[in-house]
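See below for the structure under consideration.
Derivation of every value follows stated rules applied to the coordinates shown; laboratory data play no part. Keep in mind that what you see is a predicted model, and the values were worked out from it rather than measured. No Cβ is skipped: glycine too gets one built from the backbone with ideal geometry, and neighbour counts run over all protein chains shown.
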Amino acid sequence: MKSRGIYIHIPFCKKRCDYCDFTSFKYDEVEVDKYIDLLINEIKLYSGELLKSNITSIYIGGGTPSVLNCKQIDRLFGELNAYYDKGIEVTFEVNPESIDKEKLDCLKEAGVNRISIGVQSLDDTELKFLGRIHSQSVAIDAIKTVSEMGFNFSTDFIYGFDKNRDITLELDKLLKYKPNHISLYPLEVYQDSKISTKINEIDDEYAFYEYKVISKYLKDKGYEHYEVSNFAIKGFESKHNSNYWRGMEYFGFGISSHGYLNSVRYENTPNKNNYGKMIEGSEKPIVNESFINTEEKKLEYIMLGLRLSSGISLIDYEKRFGEKFDKLDDKAVSKHIESGLLLLDNGYLRLSEEGNYQMNNILVDLL
């Protein structure tokens with residue numbers, strides 16, 4: 001059996017955040033009921049492939065998955081439970097304003113054992129700037145409840161947009177509740193997003209400074225910087241996302257989701273009406289497919305592997321592709337090693353701390 005993951009997209013929100021560029025729709029209970037029906041039928045279209053797979057992780061993202069009510073959660077997992085063994089990592093994204101003890105009980109009963117909380121900030125002024133609909137106190141209440149209920153949990157934070165912010169004060173508040181995992185993302189300003197009317201562009205120099213401050217702060221508190229944007233207490237790294245970075249295959253279900261099966265990357269339609277019509281016609285809602293050949297797999301191995309603090313194993317590269325990693329003698333690569341952005345360490349090629357923030361420039365030379 002081939003080991004694979006499952007990603008499910010729930011594209012509904014109470015309100016679209018000002019910085020968001022994802023496919024999402026305003027929450028409506030009747031529409032969500034219909035969507036859960038469609039999702040279940042899409043999953044059934046893949047039942048043969050699912051039953052032949054060893055499902056190692058499930059991630060339900062959005063949108064805002066926590067807008068689902070308990071009946072909708074039960075119906076979705078009623079279908080999913082046939083395809084995986086209990087005990088694997090099952091992550092469910094939540095927003096602070098749409099979660100409470102009752103819903104967390106439903107999630108726990110359904111088999112969810114890891115919660116990812118979209119906090120983004122613990123400052124009311126910044127939350128308003130980002131277009132979030134929760135307050136600092138609502139976020140703290142959600143974090144506290146999730147923690148007290150014994151979930152393995154992660155929190156998301158956005159940085160790089162406010163030079164007057166001391167993000168370590170916010171992290172001090174957060175760490176009182178001992179999250180196992182913290183994800184940090186720089187604010188990205190998309191041209192058509194609402195936030196582009198408030199800020200034109202991000203000061204990359206300041207964002208890198210704040211990134212370094214956060215990284216040092218979290219490492220001093222015992223978190224391992226195991227991936228460019230992610231920190232975890234040892235043993236609590238995201239298994240699902242780590243599998244992405246290691247090139248593992250996964251099913252993608254739902255509007256605008258992506259999947260990777262049998263060396264083919266595919267994309268589902270972002271159009272709600274087309275998604276419904278295709279599922280109702282017993283057709284997989286795929287609008288884009290791309291076969292990944294060996295050369296492309298090599299490039300992905302480098303691109304994704306360098307996201308991890310462990311980097312690329314030169315021995316594993318040779319085992320996978322039947323040839324040695326031949327980029328080390330390239331002038332463009334050797335200059336990054338000499339400058340300290342890339343490190344060659346015990347058979348691994350990895351990024352330094354500063355290299356993490358300049359990863360895109362380094363990848364241009366590597367690829």
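Enumerate the amide H contacts of Phe12 below 5 Å, restricted to partners 5 or more residues apart or on another chain; note that Pro and chain-start residues carry no placed amide H.
For Phe12, the qualifying residues are Phe25, Thr64.
Return the calculated 222 nm mean residue ellipticity for the chain, to the nearest 500 deg cm²/dmol, obtained by summing -39500 (n - 2.57) across DSSP H runs with n ≥ 4 and dividing by the residue count.
Only helices count here, giving -11500 deg cm²/dmol.
What translational diffusion coefficient, in µm²/s and rounded to a whole number, does the Stokes-Einstein relation yield for region 2-244 at 4 °C and a viscosity of 1.567 mPa s, taking the hydrodynamic radius as the Kirkwood radius over Cα pairs?
Rounded, D is 69 µm²/s.
So for Val90, Val30, Val189, Val264, fewest C-beta neighbours within 10 Å to most, what's the order? Please report the intermediate quantities before stating the final value.
Values: Val90 23, Val30 7, Val189 16, Val264 13.
Fewest to most other Cβ atoms nearby, the residues stand as Val30, Val264, Val189, Val90.
With charges only on Cβ, +1 for K and R and -1 for D and E, what is the dipole size of region 294-366 about its Cα centre, in debye, rounded to 20?
Rounded to the nearest 20 debye, it is 120 debye.
Report the Cα centroid-to-centroid distance between region 265-280 and region 9-52 in angstrom, as an integer.
10 Å
Please give the charge dipole size of the chain, origin at the Cα centre, charges +1 on K and R Cβ atoms and -1 on D and E Cβ atoms. Round to the nearest 20 debye.
The dipole magnitude comes to about 680 debye.
Give me Asp172, Asp345, Asp156 ranked fewest to most by other Cβ atoms within 10 Å of their Cβ, as a rough exposure proxy.
Asp345, Asp172, Asp156
Can you tell which of Val213, Ser116, Ser3 lies farthest toward the positive end of the dipole of the chain, using +1 and -1 charges on the Cβ of basic and acidic side chains (Lys, Arg; Asp, Glu)?
The listed residue farthest towards the positive side: Ser3.
Take Asp166, Asp85 and order them by how many other Cβ atoms sit within 10 Å, fewest up front. Show your work: numbers first, answer last.
On the way: Asp166 12, Asp85 9.
Listing Asp166, Asp85 from fewest to most nearby Cβ atoms yields Asp85, Asp166.
Please flag any cysteine in the chain that has no other cysteine's Cβ under 4.7 angstrom from its own Cβ.
So far as the 4.7 Å Cβ criterion goes, Cys13 stand without a partner in the chain.
Just name one of Cys106, His240, Pro186: the one whose Cα is farthest towards the positive end of the charge dipole of the chain (beta-carbon charges, Lys/Arg +1, Asp/Glu -1).
Selected residue: Cys106.
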